1. Got a sec? Which of Glu130, Glu64, Glu123, Glu82 is open to solvent by 50 Å² or more (accessible area, probe 1.4 Å) and under 27 Å from Ala188 (Cα atoms)?
2. Looking only at the stretch 155-173, count every residue that is exposed (fewer than 14 other Cβ atoms within 10 Å of the Cβ) and not aliphatic (A, V, I, L, M) and tell me the total.
3. Among Arg67, Arg96, which is the only one that is touching a helix residue (DSSP H, G or I) at 6+ places or on another chain (Cβ under 8 Å) and of a type in the set (Lys, Arg)?
4. Consider Ser116 against the criteria (1) within 16 Å of the ligand (Cβ to nearest atom); (2) farther than 19 Å from Gln57 by Cα; (3) buried (at least 19 other Cβ atoms within 10 Å of the Cβ): it satisfies all of them except one. Which criterion is unmet?
5. Only residues in the stretch 125-141 that are within 20 Å of Ala113 (Cβ to Cβ) count as the first member; pair them with residues that are polar (S, T, N, Q) and surrounded by 14 or more Cβ atoms within 10 Å (Cβ to Cβ), Cβ under 7 angstrom, at least 6 apart or cross-chain, and list the lot.
6. Exactly one of these conditions fails for Glu227: (1) in a helix (DSSP H, G or I); (2) open to solvent by 10 Å² or more (accessible area, probe 1.4 Å). Give me its number.
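The values are calculated or read from the model by the stated rules, or taken from the named source; none is laboratory data. For clarity, every value in this text was computed on a predicted model and none was experimentally measured. With ideal geometry, Cβ positions are generated from the backbone for all residues, glycine too; neighbour counts draw on all protein chains shown. Each accessible area value is taken on the protein alone, full model and side chains, heavy atoms only, with ligands, DNA and RNA left out. Shrake-Rupley method; radii C 1.70, N 1.55, O 1.52, S 1.80 Å.
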Amino acid sequence: MSGDDALEQLAAHLHDARQIVVLTGAGISTESGIPDFRGPQGLWTKDPSAERKATIQHYVADAEHRRQVWANRARGEVFGGEPNAGHVALAELERRAALHTLVTQNVDGLHQAAGSSPEIIVEIHGNIHEAKCLSCAWRGPMADTLERVRAGETDPTCVVCGGMLKSATISFGENLVPADLERAQVAAAGADVFLAIGTSLGVYPAAALPELALRAGAVLAVLNAAETPFDPLAGFVVRDRLGDVLPALVERI
Ligand SMILES: [Zn+2]
């Protein structure tokens with residue numbers, strides 16, 4: 001189902017829901033100018049060697065690569081980007097309806113920047129605003145580590161154990177944080193409405209979340225520009241631009 005009637009009906013489900021769970025992927029942030037990695041115009045689609053460089057094995061093995069990564073970051077060459085109307089609408093959804101958990105595959109922090117409560121956000125692929133140690137549990141603000149890089153440390157190490165530092169994102173070959181994954185799964189399994197937004201639902205474990213929600217009897221809505229494997233199972237499939245359709249949906253609640 002699609003069109004204005006569908007939007008009205010989906011808004012009614014959101015209004016009546018007691019536990020809404022949202023999953024967002026790269027599609028919501030491309031409208032903020034943040035590159036997608038796997039889409040048709042994605043960085044890794046256009047340059048497969050870039051995907052190899054994004055593995056944890058490459059990061060650990062190649063000191064020159066690490067120095068490059070830190071130098072780029074210290075110069076401010078991270079993806080900037082401001083929250084767009086889609087992010088803002090999801091912050092408003094939290095005020096208007098029972099948004100329980102906002103799971104995101106994005107590492108850009110734009111949901112927080114748009115005003116969503118940090119407590120309800122689960123960043124299953126981590127984030128770029130913190131640095132982490134690969135040997136111990138140390139974490140700290142990325143800005144502090146970048147200060148050290150600007151002061152001359154080309155490959156900064158952990159202040160606690162001397163281990164290698166990296167942004168607090170989950171690279172290929174790295175395990176997800178089990179507590180984050182479990183929180184997302186428990187939320188999805190208790191959802192009565194599940195929105196999958198801007199994600200191709202092709203990568204596990206994110207793709208397991210709508211499955212858990214469906215098994216629990218939730219209404220599933222897929223809002224994504226391209227087809228997903230879950231479209232046939234969804235009560236609502238919406239292809240419109242997220243920056244247009246999300247505000248239109250939320251204002252109907
Ligand atoms: Zn450490």
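1. Glu130
2. The number of residues fulfilling the criteria is 3.
3. One residue alone meets the criteria, Arg96.
4. Evaluating Ser116 over (1) within 16 Å of the ligand (Cβ to nearest atom); (2) farther than 19 Å from Gln57 by Cα; (3) buried (at least 19 other Cβ atoms within 10 Å of the Cβ) leaves (1) as the failure.
5. What qualifies is His125/Gln105; His125/Thr169; Gly126/Thr169; Asn127/Thr169; Ile128/Ser167; Ile128/Thr169; Ala131/Thr145; Ala131/Ser167.
6. Result: Glu227 fails condition (1) only.
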